[in-house]
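Okay, so here's the structure we're looking at.
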Amino acid sequence: MEAKGPRLAIIGLDGVPYELIRDLAAKGVMPMVDELFQEGKLDKMASSVPAVSSVAWSSIITGENPGTHGIFGFTDVAAGSYRLTFPNFAQLKAPPFWEESLFGRSAILNVPSTYPARPMNGVHIAGFVAPDLTKAVYPPSLVDQLRAWEYEVDVDASSAHQSLELFLRKLNQTLDARTRAFLGLVERPWDTFMAVYTGTDRLLHFLWPAVTDPRHRLHEAALDYFRRVDHSIGRLVERLPEEAPLVMLSDHGFEALEIQVNINRFLLQEGFLRWRRERPRSLNDLAEGSVAFALDPARIYLHRKGRYPRGTVGEDQAEKLVDQLAAALAELRVEGREAVARVYRRQEIYHGPQVDRAPDLVAIPAPGIEFKAGLEADSLAEPAAPFTGKHRGDNAFLYVRPPEGHEQPPQARSVQDVQPLLVWLKNSLCQSRRRNDE
């Protein structure tokens, strides 16, 4: 393999929590990862707020806060309307690291929320959500090869609703095809290589207890998936140049899920939300008397004058309403337990030129509880099945293996710190090369 500059490799494991990757490595389920951990440093890392992949990966690749990169969730509302939109890579307001000349020719494979792919110096295969493979790939000439590898951007998660055994088979098939693609593309010339495994997140959503409970009937089958991921990582690392530093990370953590709570239903019951019809079909059914509504998972927006067609909340009312909403959320109980772990106000978590588009509040659920923002929910809470695992924001992981002879890089405490870490590693390598050439 020939490349112009010092090489850097990044491997992502979507949704894998710090405690799980540490334990699976130590117990021999992931021996290749355990071997890597002996050569570098493993740390816990905070995710984005909220801890959803679209926001977290956008922060990872840009090094920016959502108030700057502009991605606040998988959904948004178009300005001056009630039309629900689905932000994608075209709406990202900050450049990803691979567009900097420092990173040279790059292979960027399966990074979530980078659809549609756009021209770049190298190869880009977008991760989920990517409905059209032909628009997910650059250069377009790579599409036929991906089809020959039977590559899929994402597993068909609906199969988990039919049979968990079927879901596991599909996960393994998708992983096998992804491995073929990763191994085929790592052989090409590159200066920066990034590949993300996303099936880990899918597995943990539907099979969290199977991974964590040895008595579960699918425990060994779930662990076998992680063994396969470990084997795939091992084959990939074998093909990396020995001098290339390696970063491995997740975008958020995970924990057990028991109950789903609908935040719009809560707002309705508390009098903050009103609909123009009994069964709302979209946000266009918001009534003038509404003062707030929620988007997934629990991003709460004031129904502001000037921002929404029937908005009634003026700037002079906003602070008082935010206080009232925060107080009401703090009192929310579901099945006798506190539902809200913390409520963030906009100014606590967002800064930058896109901050006016940010939610006014973000509610973080208590352990075992997941927030949703559906419009038609008949009840405040419902069982989560078939989902058994949920995102958690404080236990993502970050592993760094610096090049031999180099000092340990600065610690990345959150997903926003990853891009500066990558820049540090690249600059450190470039400085070493210049010293060696002198």
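The values are calculated or read from the model by the stated rules, or taken from the named source; none is laboratory data. Note that the structure is a prediction, hence the values are computed from the model and not measured. Reconstructed Cβ throughout: ideal geometry from the backbone, glycine too, with neighbour counts over all protein chains shown.
Annotation: ARG279 fulfils all but one of (1) touching a residue at least 40 places away in the same chain (Cβ under 8 Å); (2) crowded, with 17+ Cβ neighbours inside 10 Å; (3) not in a helix (DSSP H, G or I); the unmet one is (2). Looking only at region 282-303, residues that are within 32 Å of the chain's Cα centre (by Cα) and surrounded by fewer than 19 Cβ atoms within 10 Å (Cβ to Cβ) come to 4 in all. All conditions in (1) assigned by TED's automatic domain parsing to the domain that holds GLU100; (2) out of contact with any His (no Cβ under 9 Å at 6 or more places or on another chain); (3) under 30 Å from LEU380 (Cα atoms) hold for ASP213, with the sole exception of (2).
With respect to GLY40, is the statement that it is farther than 18 Å from VAL247 by Cα and assigned by TED's automatic domain parsing to the domain that holds GLU99 true? Spell out how you get there, then give the answer.
Working: farther than 18 Å from VAL247 by Cα: no; assigned by TED's automatic domain parsing to the domain that holds GLU99: yes.
Taking the combined requirement at face value, the residue does not satisfy it.
If the condition is being farther than 18 Å from ARG401 by Cα and in contact with a Gly (Cβ under 9 Å, 6 or more places away or on another chain), then region 11-37 contributes ASP14, GLY15, VAL16, PRO17, GLU19, LEU20. Reported count of residues in region 137-151, each being surrounded by 14 or more Cβ atoms within 10 Å (Cβ to Cβ), within 25 Å of the chain's Cα centre (by Cα) and part of a loop (DSSP other than H, G, I, E, B), is 1.
If a residue has to be loosely packed, with under 14 Cβ neighbours inside 10 Å and not in a loop (DSSP other than H, G, I, E, B) to count, how many in region 122-136 make the cut? Write out each step before concluding.
Within region 122-136, the first condition is being loosely packed, with under 14 Cβ neighbours inside 10 Å, and the residues that meet it are 131-132, 134.
Within this subset, residues satisfying the condition of being not in a loop (DSSP other than H, G, I, E, B) are 134.
Residues meeting the conditions: 1.
The C-beta contact set for region 217-239 (first residue surrounded by fewer than 19 Cβ atoms within 10 Å (Cβ to Cβ), second residue modelled with pLDDT under 95 and of a type in the set (Asp, Glu), distance under 8 angstrom, 6+ apart or interchain) comprises ARG239/GLU187.
GLU255 meets the conditions (1) within 29 Å of ILE10 (Cβ to Cβ); (2) in a strand (DSSP E or B); (3) over 21 Å from the mean Cα position of the chain (by Cα) in every case but one. The failed one is (3). For region 51-73, the count of residues that are touching a strand residue (DSSP E or B) at 6+ places or on another chain (Cβ under 6 Å), outside any loop (DSSP other than H, G, I, E, B) and either more than 18 Å from ILE11 (Cβ to Cβ) or free of Cβ contacts under 8 Å to residues at least 24 places away in the same chain (or both) is zero. Looking across region 197-228 at every residue that is in contact with a strand residue (DSSP E or B) (Cβ under 6 Å, 6 or more places away or on another chain) and in a helix (DSSP H, G or I), the one that is farthest from PHE128 (Cα to Cα) is identified as TRP208. Considered as a group, the residues in region 413-422 that are assigned to a helix (DSSP H, G or I) and out of contact with any Phe, Trp or Tyr (no Cβ under 7 Å at 6 or more places or on another chain) include one that is surrounded by the most Cβ atoms within 10 Å (Cβ to Cβ), and that residue is VAL415. Go through region 156-203 and give me each residue that's under 16 Å from LEU240 (Cβ atoms) and either among the aromatic types (Phe, Trp, Tyr) or outside the structural domain of GLN145 (by TED's automatic domain parsing) (or both). PHE182, TRP190, PHE193, TYR197, listed by residue number. Among the conditions (1) in a loop (DSSP other than H, G, I, E, B); (2) free of Cβ contacts under 8 Å to residues at least 24 places away in the same chain, the only one that TYR82 does not satisfy is (2).
Would you pick out the residues in region 101-116 that are surrounded by 16 or more Cβ atoms within 10 Å (Cβ to Cβ) and over 20 Å from the mean Cα position of the chain (by Cα)?
From region 101-116, those surrounded by 16 or more Cβ atoms within 10 Å (Cβ to Cβ) are 102-116; that's our starting set.
Of everything in region 101-116, those that are surrounded by 16 or more Cβ atoms within 10 Å (Cβ to Cβ) and over 20 Å from the mean Cα position of the chain (by Cα) turn out to be LEU102, PHE103, GLY104, ARG105, SER106.
Taking the listed residues SER250, SER282, the one that is touching a Phe, Trp or Tyr at 6+ places or on another chain (Cβ under 6 Å) and not β-branched (Val, Ile, Thr) is SER250, with no other qualifying. When every residue of region 298-314 is checked against the conditions, none turns out to be part of a strand (DSSP E or B), small (Gly, Ala, Ser) and either within 30 Å of GLU39 (Cβ to Cβ) or outside the structural domain of ILE233 (by TED's automatic domain parsing) (or both). Selection of region 175-200 for residues being farther than 25 Å from LYS426 by Cβ and touching a helix residue (DSSP H, G or I) at 6+ places or on another chain (Cβ under 6 Å) yields LEU175, THR179, GLY199. The lone criterion from (1) more than 22 Å from ALA385 (Cβ to Cβ); (2) surrounded by fewer than 19 Cβ atoms within 10 Å (Cβ to Cβ) left unmet by LEU268 is number (2).
Go through region 335-381 and report how many residues are among the aliphatic types (A, V, I, L, M), in contact (Cβ under 8 Å) with a residue 60 or more places away in the chain and closer than 22 Å to PRO66 by Cα.
Kept after step one, since they are among the aliphatic types (A, V, I, L, M), are these residues of region 335-381: 339-341, 343, 349, 355, 358, 361-364, 366, 369, 373, 375, 377, 380-381.
With in contact (Cβ under 8 Å) with a residue 60 or more places away in the chain added as a condition, the list becomes 339, 349, 355, 358, 361-364, 369, 373, 375, 377, 380-381.
Pick out the ones that are also closer than 22 Å to PRO66 by Cα and you get 349, 355, 358, 361-364, 373.
Number of matching residues: 8.
When the criteria are applied in full, PRO119 meets the requirement of being part of a loop (DSSP other than H, G, I, E, B), at pLDDT 95 or above and more than 21 Å from the chain's Cα centre (by Cα).
Scoring GLY336 on the criteria (1) surrounded by 14 or more Cβ atoms within 10 Å (Cβ to Cβ); (2) at positive phi leaves a single failure, condition (1).
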